[in-house]
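Some notes on the structure that comes next.
Throughout, read-outs are computed from the coordinates displayed, never taken from laboratory work. Keep in mind it's a predicted model, so treat the numbers as computed, not measured. Cβ sites come from the backbone with ideal geometry, for glycine too, and all protein chains shown count toward neighbours.
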Amino acid sequence: MTRGFTGEPVVGPVRGYRWWRVTPEGWLESPWYSHYRWTAERNGAECRSPGRRLLRRGWKKRHPNGVPGRNCGCGFYGLHRVPAPDDCSGKLWEMDPSTWSGAKGFIFGLMAAWGTVLLGTEGWRAQQGRPLALYVPLGSRISLDGRLDLVLAHYPVPVISSLDELVSEWAPQGLDLLGAASAA
Amino acid sequence: MRIGEIVHEVEVLPDEEPVLLPEPQPEKPAPEMEPETA
């Protein structure tokens, strides 16, 4: 079931865990659908549904408040919790961060999101956002092959080598602090 | 990535410098009404 728009703005960005793909030049990209290249300060999500141009009325109906649309999959994604190893089914978003972050071409971390945000029980989809912190274990491949230095040249964000520390210092607010649980 | 069941839609304001609101001004007494002339 989808709830309604509250009309009450939440002040300050919402935090969520997510994955990025790292290019050889040290840019962070969305790893799943779009390969969108992130900037350090402000990124706006776009809907890449083919119906956006061909069936504009239908697209508008699915996106009454723009991107992200409730009945679409668009927007920047974030999770309330770190995926547990038991949840990791081999799909990209369910990869175990302690095993995969920094190991190959992916980095796990947190993003800040704002604008229109659709809050789900496991995470959210958002209109705008930026990288907030990255989790790169010591000795990981991207720190040894020089890509981490390139990443930090593009994105002045904290890099944390302990997953526990990442969680304790940057954990997302979750549904309760956003007031969604009480209203749902 | 699944975000689960959508339970809420919110508008989130980005990080912004705090904006000082102007101090409230004391209310001026309402001017006395002049009697209407008939």
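What the table below lists for this structure:
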item	result
Amide H contacts of A:Gly120 (H built 1.01 Å from N, under 5 Å, at least 5 apart or other chain)	A:Arg125, B:Val7
Length gained when the stretch A:Glu41-A:Asp176 is fully extended (0.36 nm per residue, less Cα-Cα span)	45.9 nm
Nearest-0.05 FRET efficiency for A:Ser168 and B:Glu11, computed from C-beta distance (R0 35 Å)	0.75
Relative packing of A:120-127, A:133-140, which averages over residues the other C-beta atoms within 10 Å, highest first	A:120-127, A:133-140
Distant-in-sequence amide H partners of A:Gly105 (H built 1.01 Å from N, under 5 Å)	none
Calculated SAXS-style log₁₀ I(q)/I(0) at q = 0.16, 0.18, 0.29, 0.33 Å⁻¹ - segment A:101-150, Debye, Cα scatterers	-0.57, -0.66, -1.03, -1.20
Directionally averaged shadow of segment A:14-183, computed from the convex hull of its alpha-carbon atoms, nm²	10.3 nm²
